[in-house]
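Here is the structure we will look at.
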Amino acid sequence: MARAPMRGAQVDAVVVGAGFGGMYMLHKLREQGFSVQGFEAGGDVGGTWYWNRYPGARCDIPSMFYSYKWSDELQRDWRWSERYAAQPEILAYASHVADRFDLRSMIAFETRVLSVTFDEAADRWAVVTDRGDEVSARWLIMAAGCLSTPRAPAIPGVETFAGPTYHTGAWPHEGVDFTGQRVGVIGTGSSGIQSIPIIADQASRLTVFQRTANFSVPARNAPLTERVIDVFWKGYDDYMGLVKGPGMGFGGNPVNAPPETAEARQARYEELWALGGAGFLAVWGNLLTSLEVNEEAASFVRAKIAEMVKDPLVAEVLGPRDHPIGTKRICVDTGYYETFNRPNVDLVNLRDTPIEGITAEGVRTSTETYPLDALVFATGFDAMTGALLSIDIRGAGGAELREAWAAGPCAYLGLAVAGFPNMFVITGPGSPSVLSNMINSIEQHVEWIIRCLGEMREADRTRIEADEAAQDTWVAHVAAVADKTLFPRAASWYMGANIPGKPRVFMPYIGAGYRRKCEEVAAAGYEGFILA
Ligand code: NA7
């Protein structure tokens with residue numbers, strides 16, 4: 001869409017990204033009387049849900065919980081159709097919110113922010129986009145997303161492949177029909193696991209290239225009934241009490257300890273398996289801190305895989321053994337393991353026969369070439385830092401964020417970065433973010449930021465910056481908490497391990513009491529921040 005570039009515009013706040021974080025941030029800023037400009041690379045709102053249109057894409061948190069909580073009317077009016085909403089419905093929800101609160105008028109779409117530079121004399125950010133915009137803002141809010149920079153591995157010869165290639169995180173809007181085709185899928189994370197059963201339905205032959213087997217729990221997706229909705233509302237206050245109070249934590253919960261007898265433990269695994277969903281990880285409070293406890297739950301899931309997959313050799317390859325369950329994002333599937341019983345589906349174990357290259361014909365491993373008509377990369381994202389570091393961010397004294405984060409991301413409370421005044425990151429590294437219900441974490445950050453900006457305005461202050469010492473203490477705490485768990489044992493995207501050369505740092509915060517900590521910081525006059 002053609003539009004004249006904004007040159008010399010001055011606003012109170014620029015918001016980068018119009019996913020669920022950016023949308024709510026824009027709404028709150030305007031409501032509080034700030035002038036705003038939003039920028040969004042996509043053609044509409046929705047962020048991750050705008051781009052991830054691959055077949056089978058759906059949320060892995062029950063829809064009723066995967067909704068904004070800030071407007072009771074919105075929450076009560078919107079009717080989800082399924083326990084786990086599919087991508088089109090989530091995108092329709094984002095669109096509904098944008099219509100209802102007139103958000104689009106604040107956003108320049110199809111516009112990518114290229115650079116942001118802090119002007120110390122003015123305490124303002126200069127924002128430059130690929131559409132020639134130059135906008136000056138007192139406050140800069142990065143809502144660019146945690147899983148928004150898709151990455152495909154640099155496999156030699158990929159450009160020579162004769163057929164089309166797709167990435168699950170940048171799926172064609174018009175959809176893809178694989179009917180009658182020989183399709184290859186590389187990657188068996190959530191995106192692979194959700195799309196593989198559907199692609200298998202269409203393709204004449206599907207070859208799944210698996211490097212790491214992942215744990216997946218059946219979604220038991222179903223239409224959302226009045227009864228389920230009723231139960232949700234009955235428990236809503238308690239749920240919000242938990243969200244706004246102690247929150248989630250993986251630090252070990254003695255109340256929820258495994259019972260002594262193996263029979264009682266098995267019964268509990270069975271119960272959660274039958275319920276389905278990522279709630280399986282809540283089986284015991286110490287699932288993610290005790291290797292022994294974890295291994296029992298992991299072997300339960302492997303036994304289930306062996307029951308579902310007819311060929312024992314295939315079941316063996318699909319059974320994860322190289323990481324404790326839950327230390328990589330648990331997947332939630334519909335018919336994933338059963339897909340490998342289909343005669344038109346093959347599994348290639350890349351641990352035995354690694355990919356050596358891609359040719360015009362297909363994928364070549366160390367032993368064989370698999371001829372393909374189309375190739376799907378379900379290979380994930382440069383998670384948590386990719387979107388931020390793709391922007392040239394220069395803070396006080398010209399400091400570059402890329403340099404400041406060269407050894408791994410450092411952010412105070414995951415919200416602000418020392419040396420980068422007046423910039424806030426929604427669900428940044430060092431906050432619960434991807435380990436929590438993203439919508440809840442987004443709301444918490446937006447509400448914290450808006451309170452902060454309101455108080456800054458009231459006190460006539462123009463600059464706030466994380467103190468380096470407070471940031472160092474927080475970053476060390478984030479690492480120390482993670483080190484008490486099993487998370488660092490997995491080569492996960494939480495650790496940056498999926499990107500060659502990316503520093504191995506556990507990025508999200510797994511401790512409990514995060515929200516309280518943020519509130520205490522604000523109540524103490526923004527302790528750990530330098531205000532001017
Ligand atoms: P993930 O979870 O990062 O999964 C990516 C998959 O791609 C994973 O199985 C990787 O294996 C595999 N992969 C990556 N690079 C390669 C190469 N070079 N060769 C073979 N296989 C490769 O991304 P998703 O999109 O599935 O999910 C991301 C999040 O989105 C998910 O957790 C939900 O929160 C929603 P690896 O494990 O690295 O061996």
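Just so it is clear, none of the values below were taken in a lab; they were calculated from the coordinates. Worth saying up front: this structure is predicted, and the values here are computed from it rather than measured. Note that each Cβ is placed from the backbone with ideal geometry, even for glycine, and that neighbours are counted across all protein chains shown.
For the reader, a short list of remarks on this structure follows.
- Note on the range 1-120: with charges restricted to the Cβ of Lys and Arg (+1) and Asp and Glu (-1), its dipole about the Cα centre is near 220 debye.
- Dipole magnitude (debye, nearest 20) for the chain, charges at Cβ of Lys, Arg, Asp, Glu: 200
- With 10 Å bins from 0: P(r) over the chain, alpha-carbon pairs, percent: 4, 18, 28, 27, 17, 6, 1
- Centroid-to-centroid separation of the range 161-183 and the range 491-532 [C-alpha atoms, Å]: 37
- Once backbone amide H atoms are built at 1.01 Å from N, Val345 has Leu206 as its partners under 5 Å, excluding neighbours fewer than 5 places away on the same chain.
- Largest to smallest principal axis extent of the C-alpha atoms in the range 225-340, angstrom: 48, 35, 27
- More than 17 Å apart - percent of Cα-Cα pairs taken over the range 1-83: 62
- Protection proxy ranking, highest mean first, for peptides 206-219, 408-421: 408-421, 206-219, where packing is the per-residue count of other beta-carbon atoms within 10 Å, averaged.
- Hz values of 3J(HN,Hα) by residue in the range 85-99 - Karplus curve (6.51, -1.76, 1.60), Gly and Pro given as x: 5, 7, 3, x, 6, 5, 5, 5, 5, 4, 5, 4, 5, 4, 5
- Cα-based helix-to-principal-axis angle, 514-523 vs the chain, degrees rounded to 10: 0
- Helices in the chain, meaning DSSP H runs of at least 4 residues, each add -39500 (n - 2.57). Divided by all residues, the mean residue ellipticity at 222 nm is -9000 deg cm²/dmol.
- Part-to-part distance (alpha-carbon centres) for the range 450-479 and the range 298-329, which is given in Å: 44
- Qualifying aspartates and glutamates (Cα of each under 17 Å from Cα of Lys517; at least 8 residues distant if same chain): Glu443, Glu447, Asp467, Asp472, Glu527
- Between helix 291-308 and the chain: long-axis angle, C-alpha atoms, 0 to 90°, nearest 10: 50
- The mean sequence separation of alpha-carbon pairs under 8 Å and at least six residues apart, normalised by the residue count of the range 1-153, gives a relative contact order of 35 percent.
- Extent along principal axes [Cα atoms of the range 379-455; Å; largest to smallest]: 41, 32, 17
- Reachable aspartates and glutamates from Lys328, criterion Cα separation under 16 angstrom, eight or more residues apart if same chain: Asp60, Glu295, Asp382, Asp483
- Orientation-averaged projection of the range 311-355 equals 4.1 nm² [convex hull of Cα atoms, one quarter of hull surface area].
- Degrees separating the helix 468-483 axis from the principal Cα axis of the chain, which is the longest one: 20
- Gain on full stretching of the segment that runs from Asp322 to Lys484 - 0.36 nm per residue minus C-alpha separation: 56.4 nm
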